[in-house]
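One structure is given here, and the rest of the page talks about it.
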Amino acid sequence: MKKKLLLALIPFLTGSNTEEEVYICNSKSASKYHKKEFCRGLSACKKETKKITLKEAKERGFTLCGWEE
């Protein structure tokens, strides 16, 4: 039982929780996701910004913004 609990906590302890929400520019040419809503990388977005899960962002091929690495 303890082992299952520890395994369930690993994403939270390592920061790799894929349910985390991130921000993207909602345009066809966008390719980066942002952890912060007001990231410098989002300032060039001409369309609206959208909040999605990290899992969805990665599934759509988005990678982390260079300002946040």
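The values are calculated or read from the model by the stated rules, or taken from the named source; none is laboratory data. Bear in mind that the values here come from a model prediction, so they are computed numbers and not experimental data. Please note: Cβ atoms are built from the backbone with ideal geometry, for glycine as well, and neighbour counts cover all protein chains shown. For the accessible areas, the whole protein counts, side chains as well, though only heavy atoms, and no ligand, DNA or RNA atoms are used. Shrake-Rupley method; radii C 1.70, N 1.55, O 1.52, S 1.80 Å.
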- Note on the structure: Expected output for region 46-57 (first residue farther than 9 Å from VAL22 by Cα and touching a residue at least 12 places away in the same chain (Cβ under 8 Å), partner among the β-branched types (Val, Ile, Thr) and open to solvent by less than 100 Å² (accessible area, probe 1.4 Å), Cβ below 9 Å, 6+ apart or cross-chain) is THR49/ILE24; LYS55/THR18
- Message: I need the full set of residues from region 41-69 which are over 13 Å from the mean Cα position of the chain (by Cα) and acidic (Asp, Glu), in order please.
- Response: GLU48
- Item | Any chance GLY61 is at positive phi, at pLDDT 95 or above and open to solvent by less than 70 Å² (accessible area, probe 1.4 Å) | yes
- Message: Suppose we filter region 21-40 for residues that are open to solvent by 90 Å² or more (accessible area, probe 1.4 Å) and either within 9 Å of PHE62 (Cβ to Cβ) or more than 12 Å from the chain's Cα centre (by Cα) (or both); how many remain?
- Response: 4
